[in-house]
């Protein structure tokens, strides 16, 4: 049973560029959430998608946007990259919220 | 706004020792509490999920408890091993299903 799959695993981008990260949820899960984890910090909630719509959003600027596809997979897009966007980006999937979350291995984004 | 604190921030113990990691939170109106393990540069591995109607969960050498009235959860690790070395994170879901994380406890188990 495949868990949550994220791609790519590592990415280096230049300031001002745009990036797209991808996530395939665990089989049977219909909800996808994205988190940003800076070094030495706990993950911070970016947003959550359910039924192809953004259901909840954390305190992140509009440069961060996302999408969920009919097969429940999801993308995170970040425009106009800043040095401060360098972090580990984690995708989590769930079946509702009462049964816990399964995380992927993350995408390490470095902005130079 | 929910705030989650984990104490201690770092812990070093000899192999075989039993240990307790602490997690405290400010808003007792939570749905679930989940403990995760994170190895350096890696994703999160779920260890235990305590749903709001439960008080504890056990898996192997791990036991997690939840006391919503006092805003506390503990993760007990029995007979620690070097392979337990990692960062341990607690996270809560409240209204809206998003997870709110603590900053973690970095555990090192030495031979």
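None of the figures in this text is laboratory data; all of them are computed from the coordinates on show. Everything numeric here is computed off the predicted structure, so don't read it as measured data. Cβ: placed from backbone, ideal geometry, glycine included. Neighbour counts: every protein chain shown.
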Percent relative contact order for chain B, counting Cα pairs under 8 Å at least six residues apart, stands at 37 percent
Compute the separation of the alpha-carbon centres of the stretch A:56-112 and the stretch B:47-111 and state it in Å as a whole number.
23 Å
Length-normalised contact order of the stretch B:72-111, Cα under 8 Å, at least 6 apart, in percent, tallies to 44 percent
Counting C-alpha atoms alone, how compact is the protein assembly as shown: give Rg to one decimal and Dmax as a whole number, in angstrom.
17.4, 50
Tell me, A:55, B:37, B:61 in order of fewest to most beta-carbon neighbours within 10 Å?
B:61, A:55, B:37
Given an 8 Å cut-off on Cα distances and at least 6 residues of separation, report the relative contact order of chain A as a percent.
37 percent
Direction-averaged shadow area of the convex hull around the Cα atoms of chain B, nm²?
6.5 nm²
What distance in nm lies between label points placed 7 Å from Cα along the C-beta direction at residue B:67 and residue B:26?
2.1 nm
Average other protein chain Cβ within 10 Å of Cβ, residues B:44-51
4
Quick one: what does P(r) look like for chain A with 5 Å bins over all Cα pairs, in whole %?
2, 13, 24, 26, 19, 10, 4, 1
Ranked on Cβ counts within 10 Å of their own Cβ, fewest leading, A:27, A:33, B:46, A:94 go A:27, B:46, A:94, A:33
